[in-house]
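Trainee: Structure incoming, see below.
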Amino acid sequence: MTGITGQDGSYLAELLLGKGYEVHGLVRRSSTINRGRIDHIDSPDLHLHYGDLTDGVSLVNLIREIEPHEVYNLGAQSHVRVSFDMPEYTASTVAIGTLRLLEAIRELGVKCRFYQASSSEMFGAAAPPQHERTPFMPRSPYACAKVFAHQLCQNYRDAYGMFISCGILFNHESPRRGIPFVTRKITRAAARIKHGLDRRLFLGNLEARRDWGFAGDYVEAMWSMLQQDAPDDYVIATGESHSVREVLDVAFGALDLRWESHVELDPRYLRPTEVDHLHGDATKARKKLGWKPRVTFSQLITMMVRADEEDVRATLTGRAPKM
Ligand code: NAP
Ligand code: G4F
């Protein structure tokens, strides 16, 4: 698995270990250890290996050594706003990183099933609701790179008969979501404001609408895609969309706060091109995979607020916050 230290990777690792898998995760070298999301996993079946999606040699060596039965490609520079500042690096991890990994598998002749983390961002400006046949109209370097990776996967499936399935996942969140993403930025700020650690929250476009689900539900769909008789592509979404403003309503409301007293607009968080409205139609996944989301929008945001409150309490009492 690439991206094991990320939000989705941590939930997927738990799911696979629970099913009796031996899990091998690729981790990047960094000057500090960055494994907060998987530190709690205590299993002899979890193995971590240094590697990087920008380093083809490391991918070849790992595929040769591990000979995996299933590969989940979750690693990415996954922040859309940052992709405008670092387009080349984003393309190198997201687009060419996928190519490097597929080529390693193909060149070594390893027979495995491959899951590609495609994204609803690929739909960009396409009118909602978006489904598997909706044309891609990407609006950021990140989305362009995901379109490249997605179409490359489809090409390798057709050209070489590889078992490659792409999950076109709409936004999914959790208490493990990275702090720079809007839901977590809001739930964390609300908790910190409630307990006196912060006073203000700076945000960009409050009108953008997303189809937000719970990451724990979404990793089940990833696994399920690789258990089918044939590879295919699936949209994974809740079928409901909400605005950033509504996230503020639920998060601050859960703490009896008025967000209007704390939120300020900061143009730094606006994007050169925005995706206004993502709203997925996951009918195919429901029919073919039997997949449906369990956690509702307000349950999700409230769950995140409660977890962030727990972290604030830990900070205030001198314990280490979980995330
Ligand atoms: P995330 O929390 O940002 O995690 C990204 C993971 O990729 C981290 O483990 C990160 O490692 C790793 N990574 C970054 N650059 C890398 C590189 N050069 N080489 C190897 N690994 C690298 O993302 P996520 O939310 O779990 O999303 C997982 C995947 O699904 C991503 O591909 C994302 O683009 C895609 N996706 C996400 C959503 C969503 O709403 N969450 C929706 C659709 C698609 P570090 O921990 O070392 O940074
Ligand atoms: O939380 P976001 O940064 O998520 P975004 O851009 O939708 O991307 C996420 O979901 C994609 C799936 O559709 C993934 F592929 C991708 O990897 C990532 O996980 O922003 C959501 C919305 C945007 O419209 C943004 O403009 O919130 C708006 N927003 C308003 N203020 C903000 C902010 N976003 C961020 N990150 N920070 C703000 O201050």
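Trainee: Would you tally the residues in the range 307-323 being closer than 29 Å to GLY239 by Cα and exposed (fewer than 14 other Cβ atoms within 10 Å of the Cβ)?
Mentor: Selection size over the range 307-323: 0.
Trainee: Tell me which residues, restricted to the range 85-96, are more than 9 Å from ligand 1 (Cβ to nearest atom) and out of contact with any Pro (no Cβ under 6 Å at 6 or more places or on another chain).
Mentor: ASP85, MET86, GLU88, ALA91, ALA95, ILE96
Trainee: When residues of the range 223-241 are filtered for being touching an Asp or Glu at 6+ places or on another chain (Cβ under 8 Å) and not aromatic (Phe, Trp, Tyr), how many remain?
Mentor: Of the residues in that region, 9 qualify.
Trainee: How many residues are among the basic types (Lys, Arg) and either surrounded by 20 or more Cβ atoms within 10 Å (Cβ to Cβ) or within 15 Å of ligand 1 (Cβ to nearest atom) (or both) when one looks only at the range 97-136?
Mentor: Going through the range 97-136 one residue at a time, the tally reaches 1.
Trainee: Then there's this: Could you please let me know if GLU65 is more than 16 Å from ligand 2 (Cβ to nearest atom), in contact with a His (Cβ under 9 Å, 6 or more places away or on another chain), assigned to a helix (DSSP H, G or I) and not β-branched (Val, Ile, Thr)?
Mentor: So GLU65 passes the test.
Trainee: Could you tell me whether any residue of the range 274-281 is away from ligand 2 (no atom under 15 Å from the Cβ), small (Gly, Ala, Ser) and open to solvent by less than 20 Å² (accessible area, probe 1.4 Å)?
Mentor: Within the range 274-281, none of the residues are away from ligand 2 (no atom under 15 Å from the Cβ), small (Gly, Ala, Ser) and open to solvent by less than 20 Å² (accessible area, probe 1.4 Å).
Trainee: Is it the case, given these coordinates, that LEU248 is closer than 13 Å to ALA190 by Cα, open to solvent by less than 30 Å² (accessible area, probe 1.4 Å) and either within 16 Å of ligand 1 (Cβ to nearest atom) or assigned to a loop (DSSP other than H, G, I, E, B) (or both)?
Mentor: No.
Trainee: Let me ask you something else. What helices (runs of 4 or more DSSP H), lying completely within the range 137-242, carry at least 1 residues that are farther than 28 Å from MET86 by Cβ and within 12 Å of ligand 1 (Cβ to nearest atom)?
Mentor: In the range 137-242, 215-225 are the helices (runs of 4 or more DSSP H) which contain 1 or more residues that are farther than 28 Å from MET86 by Cβ and within 12 Å of ligand 1 (Cβ to nearest atom).
Trainee: From SER78, SER92, SER83, which residue is modelled with pLDDT of 95 or more and under 13 Å from the mean Cα position of the chain (by Cα)?
Mentor: Exactly one of SER78, SER92, SER83 is modelled with pLDDT of 95 or more and under 13 Å from the mean Cα position of the chain (by Cα), namely SER78.
Trainee: Within the group ARG176, ARG200, which residue is open to solvent by 10 Å² or more (accessible area, probe 1.4 Å), more than 10 Å from ligand 2 (Cβ to nearest atom) and farther than 23 Å from ILE4 by Cβ?
Mentor: So the residue among ARG176, ARG200 that is open to solvent by 10 Å² or more (accessible area, probe 1.4 Å), more than 10 Å from ligand 2 (Cβ to nearest atom) and farther than 23 Å from ILE4 by Cβ is ARG200.
Trainee: Next up: What's the number of the condition ILE4 fails, among (1) in contact (Cβ under 8 Å) with a residue 40 or more places away in the chain; (2) of a type in the set (Val, Ile, Thr); (3) out of contact with any helix residue (DSSP H, G or I) (no Cβ under 6 Å at 6 or more places or on another chain)?
Mentor: (3)
Trainee: Right, next: Any idea how many residues of the range 255-306 are under 19 Å from ALA190 (Cβ atoms) and in a loop (DSSP other than H, G, I, E, B)?
Mentor: Going through the range 255-306 one residue at a time, the tally reaches 8.
Trainee: Something else now. Kindly establish whether VAL235 is under 17 Å from ARG184 (Cα atoms) and open to solvent by less than 50 Å² (accessible area, probe 1.4 Å).
Mentor: no
Trainee: On the basis of being away from ligand 2 (no atom under 11 Å from the Cβ), aromatic (Phe, Trp, Tyr) and open to solvent by 50 Å² or more (accessible area, probe 1.4 Å), does TYR156 make the cut?
Mentor: Answer is no for this residue.
Trainee: Something else about it: Which residue pairs have Cβ atoms closer than 7 Å, lie 6 or more positions apart in sequence or on different chains, and pair a first residue in the range 141-167 that is within 18 Å of SER119 (Cβ to Cβ) with a second residue that is in a helix (DSSP H, G or I) and away from ligand 1 (no atom under 13 Å from the Cβ)?
Mentor: Going by the 7 Å Cβ cut-off, the qualifying pairs are PRO141/PHE84; PRO141/PRO87; LEU152/LEU99; LEU152/LEU102; ILE164/TYR156; ILE164/ARG157; SER165/MET225; GLY167/MET225.
The values are calculated or read from the model by the stated rules, or taken from the named source; none is laboratory data. Not measured: the values here are computed from a predicted model. With ideal geometry, Cβ positions are generated from the backbone for all residues, glycine too; neighbour counts draw on all protein chains shown. Protein only, heavy atoms only, side chains kept; ligands, DNA and RNA dropped before computing areas. Shrake-Rupley method; radii C 1.70, N 1.55, O 1.52, S 1.80 Å.
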